[in-house]
Amino acid sequence: MLYYMHEMQRLAMAPSRAVADALKFAANNPMNAFSHTPVGKAMGSAAEIYSRMTNKYGKPEWGIDHTMIDGKKVPVEVEVMVHRTYCDLIHFKRATNRNDPKVLIAAPLSGHFATLLRGTVEAMLPDHDVYVTDWLDCRNIPVMADMFNLNDYIDYIIDFLHFLGPNTHVIAVCQPSVPVMAAVSVMSGWQDICAPATMTLMGGPVDTRVGKTAVNKLAKENDKKWFEKNVITTVPPPYPGAFRRVLPGFVQLSNFISMNLERHMLSMNELFDHLVEGDDEAADKKSAFYEEYLAVMDLPAEYFLQTLEVVFQEHSLPKGEMMFRWQNVDPGKITDTAILCVEGELDDISGVGQTKAALDITPNLHTKKKHYHLEKGVGHYGVFNGRKWRENIAPTVKDFMRTHAKAPVKA
């Protein structure tokens, strides 16, 4: 019922959004003398913000058509290497003969599209052969398709690492830290030659018993049945995934915004000021962020509920009680894959210490292969995007990968 009400509200707002678009066009038309007055500029700016905030955004484009290598502009093409029901493994193919290390970036399946990691990809492209897990919107997956849960996520990671082969590096951004660490633990137990050379965990909820945030408190204050009753709903027609049980993307987005409501209100005020002042560059930059931020996707209900239980309520991984299919997930089996944990000092999603816990639950990994980086003055988003990511964190990650790269496997 929740999803149906949301769709009805969105459709009901369509006329007012059309009026706002018309007002924006009229108020910003340079041929209109009123558009040059303070009142006209304010009306046009207000109409544009209303239109943007009430619009429905689909999956954004990656918008990465080149990278810079050795001071030269190199074309980049995005290609799908492996297609699965819920995810595509995409490759950012560079027009170069360089044999750079392969890196698999595991994008979070938590409401936003993988394109949120655009800055992550851009920073890695000059020095690495980059692959990304590009998750598909669950509302477009027919209900007759296979179900998808946390175990399936782990399966996908293992399959993709097998596809990429030995000596691959893996980066898990936020939520994937747990399934990626589980996959590496299982592969290490198998003595799998495709276990990654390095594993970088960035702002991930490895152990949510420490560094607790509002997200962790909400998960602990309500049991699984409460979430199933209050946030899980079915996709309405005419979406291809009609009648599938999901955690809607708009619910996740509401939670993200409410956690930092004051910050977003200030940001909207800044956008309004930029539009009124005619500062197009600043306005476009902020608008681009929100077009990405407001583009959300639905999650499979079974995946969300299992993750909620295993990661946030039972803390199965750090307690050594996590199960993958028929076997125990034992991080103690990791003896060869080097681990780097990256955290943001101001992270309000995965608090300080949650990711670092990965170093404590791998007792058989030599200390020389354990690394930790705490970035001062950044929140959750700043761990994998923005200036400090480009200038401080990305170079640290790249140096870590070079230090622990393995020799090629001989045929």
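At a glance:
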item: Residue in the stretch 350-358 that is crowded, with 23+ Cβ neighbours inside 10 Å, more than 18 Å from the chain's Cα centre (by Cα), β-branched (Val, Ile, Thr) and in a loop (DSSP other than H, G, I, E, B) present; result: no
item: Filtered residue count, the stretch 210-223, keeping only those that are surrounded by fewer than 15 Cβ atoms within 10 Å (Cβ to Cβ) and either under 17 Å from SER177 (Cα atoms) or among the basic types (Lys, Arg) (or both); result: 3
item: Unique match (being in contact with a Leu (Cβ under 8 Å, 6 or more places away or on another chain), of a type in the set (Val, Ile, Thr) and closer than 30 Å to LYS388 by Cα) among THR133, THR115, THR213; result: THR133
item: Leading residue by the ranking (farthest from the chain's Cα centre (by Cα)) among those in the stretch 285-309 that are of a type in the set (S, T, N, Q) and assigned by TED's automatic domain parsing to the domain that holds THR362; result: GLN306
item: Residue list for the stretch 54-76, restricted to those being of a type in the set (D, E, K, R) and either in contact with a helix residue (DSSP H, G or I) (Cβ under 6 Å, 6 or more places away or on another chain) or closer than 25 Å to LEU109 by Cβ (or both); result: LYS56, LYS59, GLU61
item: Cross-chain or 6+ apart pairs with Cβ under 9 Å, the stretch 139-156 first and at negative phi and in contact (Cβ under 8 Å) with a residue 40 or more places away in the chain, then part of a helix (DSSP H, G or I) and polar (S, T, N, Q); result: ASN149/GLN306; ASN149/THR307; LEU150/GLN306; LEU150/THR307; ASN151/GLN306; TYR153/THR307
item: Selection status of PHE312, surrounded by 22 or more Cβ atoms within 10 Å (Cβ to Cβ), within 21 Å of the chain's Cα centre (by Cα), in the same structural domain as ALA357 (by TED's automatic domain parsing) and within 27 Å of VAL251 (Cα to Cα); result: no
item: Any hit, the stretch 38-61, residues being modelled with pLDDT of 85 or more, of a type outside the set (Lys, Arg) and under 22 Å from the mean Cα position of the chain (by Cα); result: yes
item: Residue match in the stretch 193-203 (condition: in the same structural domain as TRP326 (by TED's automatic domain parsing) and surrounded by fewer than 15 Cβ atoms within 10 Å (Cβ to Cβ)); result: yes
item: Residue match in the stretch 69-76 (condition: touching a residue at least 24 places away in the same chain (Cβ under 8 Å) and surrounded by fewer than 16 Cβ atoms within 10 Å (Cβ to Cβ)); result: no
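Matching residues to (1) more than 17 Å from THR120 (Cα to Cα); (2) in contact with a helix residue (DSSP H, G or I) (Cβ under 6 Å, 6 or more places away or on another chain); (3) free of Cβ contacts under 8 Å to residues at least 12 places away in the same chain; (4) outside the structural domain of SER185 (by TED's automatic domain parsing):
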site	(1), (2), (3), (4)
PRO318	yes, yes, no, no
GLY332	yes, no, no, no
GLU343	no, no, no, no
PRO363	yes, yes, no, no
LYS370	yes, yes, no, no
VAL378	no, yes, no, no
TYR381	no, no, yes, no
GLY386	no, no, no, no
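The values are calculated or read from the model by the stated rules, or taken from the named source; none is laboratory data. Every value quoted in this text rests on a predicted model; they were computed, and no experiment measured them. Positions of Cβ are backbone-derived with ideal geometry, glycine not excepted, and every protein chain shown enters the neighbour counts.
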